[in-house]
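K.L.:
Have a look at this one.
The values are calculated or read from the model by the stated rules, or taken from the named source; none is laboratory data. Treat the numbers as computed from the prediction; the structure is a model and nothing was measured. Every residue, glycine among them, receives a Cβ derived from its backbone with ideal geometry; neighbour counts consider all protein chains shown. Ligands, DNA and RNA are excluded from the accessible area calculation, which covers all protein heavy atoms including side chains. Shrake-Rupley method; radii C 1.70, N 1.55, O 1.52, S 1.80 Å.
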Amino acid sequence: SFNGLTDDYLMPPLVTGLQDPAPIVRQSAADSLSSFPDPRVQEWLNHLIQTDADPTVKREAHAALEHSQRVSRQPQAQTP
(Lines give C-alpha, C1' and ligand atoms only; values in the text may rest on other atoms or scores of the structure.)
Protein backbone atom coordinates (compact mmCIF):
# COMPACT_ATOMS: atom_id res chain seq x y z
CA SER A 1 0.00 0.00 0.00
CA PHE A 2 3.05 2.31 0.23
CA ASN A 3 4.01 1.84 -3.44
CA GLY A 4 4.64 5.14 -5.15
CA LEU A 5 4.78 7.07 -1.89
CA THR A 6 8.23 8.32 -0.98
CA ASP A 7 7.65 10.57 2.01
CA ASP A 8 10.54 10.35 4.46
CA TYR A 9 8.22 9.52 7.35
CA LEU A 10 7.32 6.23 5.64
CA MET A 11 10.89 4.97 5.51
CA PRO A 12 11.29 3.86 9.17
CA PRO A 13 8.31 1.45 9.15
CA LEU A 14 9.41 0.02 5.81
CA VAL A 15 12.98 -0.50 7.02
CA THR A 16 11.55 -2.19 10.11
CA GLY A 17 9.53 -4.37 7.73
CA LEU A 18 12.78 -5.61 6.15
CA GLN A 19 13.51 -7.26 9.51
CA ASP A 20 10.07 -8.78 10.07
CA PRO A 21 9.94 -12.54 10.75
CA ALA A 22 7.32 -13.03 8.00
CA PRO A 23 8.84 -13.32 4.50
CA ILE A 24 5.80 -11.70 2.85
CA VAL A 25 6.29 -8.60 5.01
CA ARG A 26 9.99 -8.41 4.07
CA GLN A 27 9.08 -8.80 0.39
CA SER A 28 6.46 -6.06 0.57
CA ALA A 29 8.79 -3.72 2.43
CA ALA A 30 11.54 -4.24 -0.16
CA ASP A 31 9.11 -3.58 -2.98
CA SER A 32 7.78 -0.42 -1.36
CA LEU A 33 11.27 0.93 -0.66
CA SER A 34 12.29 0.55 -4.30
CA SER A 35 10.71 3.91 -5.21
CA PHE A 36 12.73 5.89 -2.67
CA PRO A 37 15.65 7.83 -4.18
CA ASP A 38 17.55 7.69 -0.87
CA PRO A 39 20.94 5.94 -1.36
CA ARG A 40 20.53 4.14 1.97
CA VAL A 41 17.73 2.10 0.41
CA GLN A 42 20.20 0.42 -1.93
CA GLU A 43 22.43 -0.46 1.03
CA TRP A 44 19.51 -2.00 2.92
CA LEU A 45 18.37 -3.97 -0.13
CA ASN A 46 21.92 -5.24 -0.74
CA HIS A 47 22.06 -6.37 2.88
CA LEU A 48 18.75 -8.20 2.46
CA ILE A 49 20.00 -9.91 -0.71
CA GLN A 50 23.14 -11.07 1.08
CA THR A 51 21.62 -12.18 4.39
CA ASP A 52 17.98 -13.22 4.00
CA ALA A 53 17.37 -16.95 4.13
CA ASP A 54 14.21 -16.87 1.99
CA PRO A 55 14.86 -17.08 -1.78
CA THR A 56 11.64 -15.24 -2.66
CA VAL A 57 12.66 -12.35 -0.42
CA LYS A 58 16.07 -12.27 -2.08
CA ARG A 59 14.46 -12.18 -5.54
CA GLU A 60 12.15 -9.34 -4.53
CA ALA A 61 15.02 -7.43 -2.94
CA HIS A 62 17.06 -7.85 -6.13
CA ALA A 63 14.20 -6.54 -8.30
CA ALA A 64 13.67 -3.68 -5.84
CA LEU A 65 17.38 -2.84 -5.93
CA GLU A 66 17.35 -2.66 -9.72
CA HIS A 67 14.31 -0.37 -9.62
CA SER A 68 15.90 1.78 -6.91
CA GLN A 69 19.04 2.19 -9.00
CA ARG A 70 16.96 3.34 -11.98
CA VAL A 71 15.06 5.80 -9.77
CA SER A 72 18.27 7.22 -8.30
CA ARG A 73 19.67 7.87 -11.80
CA GLN A 74 16.64 9.95 -12.81
CA PRO A 75 16.93 13.69 -12.30
CA GLN A 76 15.04 14.76 -9.19
CA ALA A 77 12.47 17.56 -9.44
CA GLN A 78 13.73 20.80 -7.96
CA THR A 79 11.47 22.85 -5.74
CA PRO A 80 11.85 26.65 -5.88
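K.L.:
Please work out the average accessible area per residue across the range 9-80, using the 1.4 Å probe convention, and give it in Å².
P.N.:
So the range 9-80 comes to 62 Å² accessible per residue, rounded to a whole number.
K.L.:
I need the calculated FRET efficiency for the pair His47 and Ile24, taking r as the beta carbon distance and R₀ as 22 Å, to the nearest 0.05.
P.N.:
Details: r = 19 Å, r/R0 = 0.86.
Given R0 = 22 Å and the Cβ-Cβ separation, E is 0.70.
K.L.:
Moving to a separate point now. Heavy atoms of the protein only, probe of 1.4 Å, neighbouring chains included. What is the accessible area of Leu14 in Å², nearest 10?
P.N.:
So the heavy atoms of Leu14 present about 10 Å² to solvent.
K.L.:
Now for a different question. Using a probe of 1.4 angstrom, how much of the accessible area of the range 13-66 is carbon and sulfur, in percent?
P.N.:
Answer for the range 13-66 is 55 percent, counting heavy atoms of protein chains only.
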